[in-house]
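The values are calculated or read from the model by the stated rules, or taken from the named source; none is laboratory data. If you're wondering where the values come from, they're calculated on a predicted model, not measured in any experiment. Ideal geometry is used to build each Cβ from the backbone, glycine not excepted, and the neighbour counts take in all protein chains shown.
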Amino acid sequence: MSVGRSERWIPAAAVLLLAIVLATGCAASVKKEKKETVRIGVTLYDQYDTFISELMNCFSEQVQEKQNSLGVMISLEVMDAAGSQSTQNDQVKTLIEKGCDVICVNLVDRTEPTTITDMAEKAGVPIIFFNRELVAEDLERWDRLYYVGADAFQSGTMQGELAAAAFQSLKGADKNGDGICQYVVLEGEPGHQDATVRTELSTQALIDQGLELEKLGYAIANWNRAQAQTKFAQTLTQYKDRIELVLANNDDMALGAIDALKAAGISREDWPIIVGIDGTAVGLAAVENKEMYGTIYNDKEGQAEAMMNLASALALGESLDDLKIKDGHYIRLDYKTITAVGEASDSGDFLVTR
Ligand code: BGC
């Protein structure tokens, strides 16, 4: 039987096709296509929060550095949920639709991450939660959910130890000389992991350092300077010069207390000891000029860097082995205690005491 022209052509074409498939297939397995652009989406609980806006400035710097070091274009889109969880859910949906490789979420309501995690898992887009910590069970629902932040327990204990050292060493700290530390707490947002834990642990540390305590006042000021000023002004009216220590859950609220002391015309030597947490630019300035005794530095640079390293590794499909991820989900940065250098120094440097 003779072989027709078209029948001879078919095996030749098949061989050619197979060669092409093998060649391209081989190339793909040897050299993975390099991603040219990494898309990172971010949604913030409130872009006007002092600490969060400083953290985001650090993150933007990290984006620049990473672009330079990796030679990859990084497109960053930042959205503000302005305190609404449903707005944030919509933003995550939009960021997924826009093709983000990874999304960083500063949750509005840390008890409500499910809508976001369900959408992300369905779309296969990893999520890095930061600063506002969700409960472990929620984070463990999918292996591509992460949390970057600091340890609230550590900050509370360090603040209490700092305050105890100040109360025990500063002349006239015990204003009425009764051997008891009369104090006021300015607390952050209810339900935030950092608020309750900082309050509890800082007072516990004061007790552990041997101080006897009397709580004069307690006010929730939602991390906010203006609210803290208003609330502390009321406490001042009630207790006048009896307050010996102000434990503020963050620097902004410590600054609110300072604003109230100034507005009430109370002279500087009659101010209570004031301690904050964060080490924001305004907070550090207040430590430097000795209005605030000290603060506990919330390492925004470290957190921004950890977020960036994790985001780029996830987006590029690289190994996460060097990122110090604990329990498969967590990266935590340490706090540092900060006071001004020496009582007489005006150098503007800071002494990291721990
Ligand atoms: C910071 C606060 C900030 C809050 C926002 C805390 O860790 O200390 O200053 O307002 O996070 O979630």
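A few comments on the model shown:
- Val148 under 23 Å from Asp49 (Cβ atoms) and away from the ligand (no atom under 16 Å from the Cβ): no
- Residues (assigned to a helix (DSSP H, G or I), surrounded by fewer than 19 Cβ atoms within 10 Å (Cβ to Cβ) and of a type in the set (A, V, I, L, M, F, W, C)) located in the stretch 207-232: Ile207, Ala226
- Residue check, Gln238 free of Cβ contacts under 8 Å to residues at least 60 places away in the same chain and either surrounded by fewer than 17 Cβ atoms within 10 Å (Cβ to Cβ) or not in a helix (DSSP H, G or I) (or both): yes
- Verdict on Ala286 being of a type in the set (A, V, I, L, M), part of a helix (DSSP H, G or I), within 16 Å of the ligand (Cβ to nearest atom) and more than 30 Å from Asp138 (Cα to Cα): yes
- The test for being away from the ligand (no atom under 16 Å from the Cβ), of a type in the set (A, V, I, L, M) and assigned to a loop (DSSP other than H, G, I, E, B) holds for Val125.
- Within the set Ile277, Ile220, Ile296, Ile243, the sole residue that is within 16 Å of the ligand (Cβ to nearest atom) and either polar (S, T, N, Q) or over 30 Å from Glu61 (Cα atoms) (or both) turns out to be Ile220.
- The C-beta contact set for the stretch 307-327 (first residue within 16 Å of Leu70 (Cα to Cα) and at pLDDT 95 or above, second residue surrounded by 20 or more Cβ atoms within 10 Å (Cβ to Cβ) and of a type in the set (Gly, Ala, Ser), distance under 8 angstrom, 6+ apart or interchain) comprises Glu318/Ser312.
- First in the stretch 69-83 and among the small types (Gly, Ala, Ser), second anywhere and assigned to a loop (DSSP other than H, G, I, E, B), Cβ under 7 Å, 6 or more apart: Ala81/Tyr45; Ala81/Val108; Ala82/Asp46; Gly83/Tyr45; Gly83/Asp46; Gly83/Val108
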